[in-house]
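Here is the structure we will look at, set down as structure tokens.
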Amino acid sequence: MIIVSNTIAAISTAIGEAGIGIVRMSGKNSLEIGKEVFKGINDKKLDEYENRKMAYGHIVNGNEVIDEVLIAYMKEPYTYTKENMVEIYCHGGIIAVRRVLDLLLEKGAMIAEPGEFTKRAFLNGRLDLSQAEAVIDMIHSKTEKSYDIGLSQLDGSISKEVSDLRNRLIGIMANIVAEIDFPEEDIETITLNEIANGLKYISERIDHLLVNSKRGQILRDGINTVILGRPNVGKSSLLNTLSKKNRAIVTNIPGTTRDIIEEYINLDGIPLKIIDTAGIRETSDLVEKIGVDLARDAIKDANLLLVVLDNSESLNSEDREILQLAKDKNTIVIVNKSDLENKIDSKEIEMILGNVKTITTSILNNDGVDDILDTIKDMFFGGEIKVESDVYLSNVRHIDALKRTKKSIESALLDVNNNVPLDCIEVDLSDGLEYLGQITGESIGEDILDKIFSEFCLGK
């Protein structure tokens, strides 16, 4: 069991020019340290003010005034960490918050590790692990919909679902254990058919969650979209047009883009991660060759490929190779430079990619760009992107734990169908229970906890 007893402090706002900066403390000595460094009107001490109410005064170090502040003392257990907490609202910028924090550390507080406030909220039972991870998802959100997913998770959407599955599994296991341990007692027994029905329900519910997780990951992380094409077909122009900024250099010199360029755009609340790649072609230039290799690697992790072709030229061997790379991937073919004479045979594209969505554009004239965005929405969300009132898993760790649970349930179902002894079935169900507990933190190792919370920012 992890025991925390020290008092921690950290700056909770971003460092830089700002109107206000926040320094927070949590732990048993928060009030004592706060009393020592805060002087209110008429020299009132912090404990003379009402719990949870703002107080005006100064942070002082002996006779030296550090800053003019507002301060709030919050008595445990009704705080973010369920410990005594003090929050100091001082002037923003670099100097004021740093001097306030240094004083708290001088008076006995320890500098907080990244995510330590939220980690304490988890360890003290205010949040389960899935809710704690939702906090970092909300902080990292790039759009409103990814924020909504995190907020729903913080509100307990995943916790409630996992708790229901765990309770159902525990109920089945309790009956099995009773049957194994007390075979001669006059208790109502559970039949193999009842076990199978209960496990099938759990398995079907997990299937539903895993199907939703694909949308959940897109809502949280965005659509990983890679722009492909040979040099000088308009890839960088497409990136600049979609992002509405001159993110990539555009020239008529082939091979200008040599590195991976990433940009996020907001597609109706969904982060669309656009990756512009080096033009794929055979080259003797070492630097350009590295860029081409990076482009090929980017394809592997892509949710969507935008293959750009030059309408004014017939398909060549480089175009055909790129179309081959796009096989079996979500792909939109963009035939660019529609303002020039058409020399592309669409049947050649169909021979390689089949019935692929093809859009004719003139990126230079901004023609057809809206069609690209509308097609992306059609492909991934049936035309309308919305967060429905359902549970969306988006965390890879949660999804992996559910897949492991599913595997254990399927193994138990197979045992039931084969009339395997109950104690063997109980082993599989115990594994499933363990995996479900990893999602909410009932069964989790300290090393995994450290890794999860290390991804948080300081002061959260």
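Key figures for this structure:
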item: Val391 being of a type in the set (A, V, I, L, M, F, W, C) and in contact with a His (Cβ under 9 Å, 6 or more places away or on another chain); result: yes
item: Whichever residue in the stretch 434-452 is crowded, with 19+ Cβ neighbours inside 10 Å and out of contact with any Phe, Trp or Tyr (no Cβ under 8 Å at 6 or more places or on another chain) and, among such residues, is farthest from Ala132 (Cα to Cα); result: Tyr435
item: Within the stretch 88-165, helices (runs of 4 or more DSSP H) holding 2 or more residues that are more than 28 Å from Tyr56 (Cα to Cα) and touching a strand residue (DSSP E or B) at 6+ places or on another chain (Cβ under 9 Å); result: 144-154
item: Filtered residues of the stretch 153-178 (kept if buried (at least 19 other Cβ atoms within 10 Å of the Cβ) and either under 18 Å from His208 (Cβ atoms) or not assigned by TED's automatic domain parsing to the domain that holds Asn212 (or both)); result: Gln153, Ser157, Ile158, Ser159, Glu161, Val162, Leu165, Arg166, Leu169
item: Residue within the stretch 324-331 that is in a strand (DSSP E or B), assigned by TED's automatic domain parsing to the domain that holds Leu267, within 34 Å of the chain's Cα centre (by Cα) and not aromatic (Phe, Trp, Tyr) present; result: yes
item: Matching residues, the stretch 306-320, being surrounded by 15 or more Cβ atoms within 10 Å (Cβ to Cβ) and either assigned to a helix (DSSP H, G or I) or under 22 Å from the mean Cα position of the chain (by Cα) (or both); result: Glu318, Asp319
item: Residues of the stretch 60-75 classified as out of contact with any strand residue (DSSP E or B) (no Cβ under 7 Å at 6 or more places or on another chain) and either modelled with pLDDT of 95 or more or part of a strand (DSSP E or B) (or both), total; result: 3
item: Test set (1) surrounded by fewer than 16 Cβ atoms within 10 Å (Cβ to Cβ); (2) in contact with a Cys (Cβ under 6 Å, 6 or more places away or on another chain); (3) of a type outside the set (Asp, Glu) - Ala96 fails condition number; result: (1)
item: Looking only at the stretch 181-228, and only at residues there that are at pLDDT 85 or above, more than 19 Å from Ile170 (Cβ to Cβ) and in contact with an Asp or Glu (Cβ under 9 Å, 6 or more places away or on another chain), the one that is surrounded by the most Cβ atoms within 10 Å (Cβ to Cβ); result: Ile227
item: Residue match in the stretch 35-53 (condition: in a loop (DSSP other than H, G, I, E, B) and among the small types (Gly, Ala, Ser)); result: no
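To keep it simple, each residue is scored yes or no on (1) among the acidic types (Asp, Glu); (2) in a helix (DSSP H, G or I).
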{"residue": "Ala302", "(1), (2)": "no, no"}
{"residue": "Ile349", "(1), (2)": "no, yes"}
{"residue": "Asp371", "(1), (2)": "yes, yes"}
{"residue": "Ile376", "(1), (2)": "no, yes"}
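The values are calculated or read from the model by the stated rules, or taken from the named source; none is laboratory data. Computed from a predicted model, the values in this text were never measured in an experiment. With ideal geometry, Cβ positions are generated from the backbone for all residues, glycine too; neighbour counts draw on all protein chains shown.
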